[in-house]
1. Considering each of Phe40, Phe24 in turn, give the residue that is open to solvent by 40 Å² or more (accessible area, probe 1.4 Å), modelled with pLDDT under 95 and among the aromatic types (Phe, Trp, Tyr).
2. May I ask you to list the residues in the stretch 54-64 that are out of contact with any Lys or Arg (no Cβ under 7 Å at 6 or more places or on another chain) and not in a helix (DSSP H, G or I)?
3. Look through the stretch 94-107, keep the residues that are open to solvent by 20 Å² or more (accessible area, probe 1.4 Å) and not hydroxyl-bearing (Ser, Thr, Tyr), and return whichever of them is farthest from Ala52 (Cα to Cα).
4. For residues that are open to solvent by 20 Å² or more (accessible area, probe 1.4 Å) and modelled with pLDDT under 60, scanning just the stretch 152-164, find the one that is nearest to the chain's Cα centre (by Cα).
5. When you scan the stretch 2-33, how many residues do you find that are under 20 Å from the mean Cα position of the chain (by Cα) and at positive phi?
6. For the condition touching a strand residue (DSSP E or B) at 6+ places or on another chain (Cβ under 6 Å), of a type in the set (Gly, Ala, Ser) and surrounded by 19 or more Cβ atoms within 10 Å (Cβ to Cβ), what is the one hit in Ser73, Ser110?
7. Working carefully through the options Leu85, Leu126, find the one that is over 23 Å from Gly31 (Cβ atoms) and hydrophobic (A, V, I, L, M, F, W, C).
8. Which members of the stretch 113-136 meet the condition of being surrounded by fewer than 20 Cβ atoms within 10 Å (Cβ to Cβ), among the aliphatic types (A, V, I, L, M) and in contact with a strand residue (DSSP E or B) (Cβ under 6 Å, 6 or more places away or on another chain)?
Amino acid sequence: SFNSFKGQLPADIDNLSKLELLLFNDNQFSGKIPVSYEGFGNLEVMHLQNNAFTGSIPDGFQMLSSLRNMNLSGNSFDGTIPHLLGEATKLEVIELQQNELEGFIPSDLSSLPRLQTLNVEGNMLLGTVPDGLCENVDSGILLSFTADCAETNKPGSHIVCPCCTECFEP
């Protein structure tokens, strides 16, 4: 964290099989995140926020069977939120704010039994929040749900979210 590291993450970074915390936040990393995660079986926390990563969020995150906290905020990720994140059943925190993500919030995220924090504000997401996520808010599982859900007619990101705990105006 806060080291002014530059460049891309090495493709063989998953060789660190005993690694539990990956804290590369607030640096100057760029490029795409390597796709292979087979060697990260013990990874519990991945903080890559506030860098210059680009491209889509890889589908491989669901293979991180121990991952509890994922923060990819403050980058330039585009594309959609991978629906396969719904298979990363230990996830408690997903921070995707301030990227360039588009499309809809996948309903698969509703199946995460431990998800307590979901932040997707500052993207270009549209549509209605899946009913399952609202049920998780109502039942007290999902404690913090932040999105761009202000009641405006402005162009850009807008999510119909009857259950967000915090709304930002796009």
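The values are calculated or read from the model by the stated rules, or taken from the named source; none is laboratory data. The model shown is predicted, which means the values in this text are computed figures rather than measured ones. In this analysis, Cβ positions are derived from the backbone assuming ideal geometry, glycine residues included, and neighbour counts consider all displayed protein chains. Ligands, DNA and RNA are excluded from the accessible area calculation, which covers all protein heavy atoms including side chains. Shrake-Rupley method; radii C 1.70, N 1.55, O 1.52, S 1.80 Å.
1. Criteria check complete, one pass: Phe24.
2. Of everything in the stretch 54-64, those that are out of contact with any Lys or Arg (no Cβ under 7 Å at 6 or more places or on another chain) and not in a helix (DSSP H, G or I) turn out to be Ser56, Ile57, Pro58, Leu64.
3. Out of the qualifying residues, it is Phe104.
4. Gly156
5. Qualifying residue count for the region: 2.
6. Details: Ser110 fails: touching a strand residue (DSSP E or B) at 6+ places or on another chain (Cβ under 6 Å).
None of the other options fit; the residue is Ser73.
7. On the way: Leu85 fails: over 23 Å from Gly31 (Cβ atoms).
Exactly one of Leu85, Leu126 is over 23 Å from Gly31 (Cβ atoms) and hydrophobic (A, V, I, L, M, F, W, C), namely Leu126.
8. Met124
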